[in-house]
1. What does the C-alpha gyration tensor say about the overall shape of segment 100-176? Classify as rounded when a/c is under 1.5, otherwise prolate if a/b is larger than b/c, or oblate.
2. On C-alpha positions alone, give me the angle between the axis of helix 179-194 and the longest principal axis of the chain, in degrees, nearest 10.
3. What is the helix-to-structure angle for 46-57, meaning the angle in degrees between its Cα long axis and the longest Cα principal axis of the chain, kept from 0 to 90 and rounded to the nearest 10?
4. Quick one: compute the contact order of the chain, relative version, from alpha carbon pairs under 8 angstrom and 6+ residues apart, as a percent.
5. What is segment 20-105's relative contact order, in percent, from Cα pairs under 8 angstrom and six or more apart in sequence?
6. Quick one: plug the Kirkwood hydrodynamic radius of the chain (C-alpha pairs) into Stokes-Einstein at 37 °C, 0.692 mPa s, and report D in µm²/s.
7. With angles folded into 0 to 90 degrees, how steeply does helix 124-136 sit against the dominant principal axis of the chain? Use alpha carbons for both and round to 10.
8. Using a simple spin-label model with points 7 Å from Cα along the Cα→Cβ vector, what separation in nm is obtained for residue 137 and residue 105?
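Every number in this text was worked out from the coordinates using simple rules, so none of it is lab data. Predicted model only: the values in this text are computed from it and were never measured. Backbone-built Cβ (ideal geometry, glycine too); neighbour counts: all protein chains shown.
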């Protein structure tokens, strides 16, 4: 008899919505003794985007973009108001940030994070500052971001340190990926990479 797998229980998340209305005054040098590069992608391949999203967000229960059908995800990523910038450390992908130029007045830092192998290298604060600077280069009146209680425990503190101010809160339920769903997602990505 086949063993049944249970779907993971939904997790409660308390979301904090933040905004900043002036560019940060902080300035950090590029971390020493490692080679870093920031590359804004153009027409990022869906499997590469999902790889970045999964590698950065798996610890924090990022699931929304993984569950999107190809056409829906492609429509988001090909929107001219969306940009994805990848951080490379010593030649390997190490994190990414995504901006959404939602209006003339507002740019959202939609996603930001590092992969596990880049943690502890001293690049996190510098990388966040690069993401915020990129958002302000679009000349909005405000930059927004949100974080939640499933995120890195110091995320809220770090955003506030760079000038973000909480403006509202909300609650949500996050349904983690189950084993069956993870297997289906992996098969989809392998099929896309192999052209099947």
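1. Details: a/c = 1.77, a/b = 1.15, b/c = 1.55.
Oblate shape, in that a/c is at least 1.5 and b/c is the bigger or equal ratio.
2. With rounding to tens, the tilt is 80 degrees.
3. That helix lies at roughly 70 degrees to the long axis.
4. Details: 298 pairs, mean separation 72.2, N = 196.
In percent, rounded to a whole number, it is 37.
5. 34 percent.
6. On the way: Rh = 18.0 Å.
This corresponds to a translational diffusion coefficient of 183 µm²/s.
7. In the chain, helix 124-136 runs at an angle near 70 degrees to the longest axis.
8. About 2.5 nm separates the two model spin labels.
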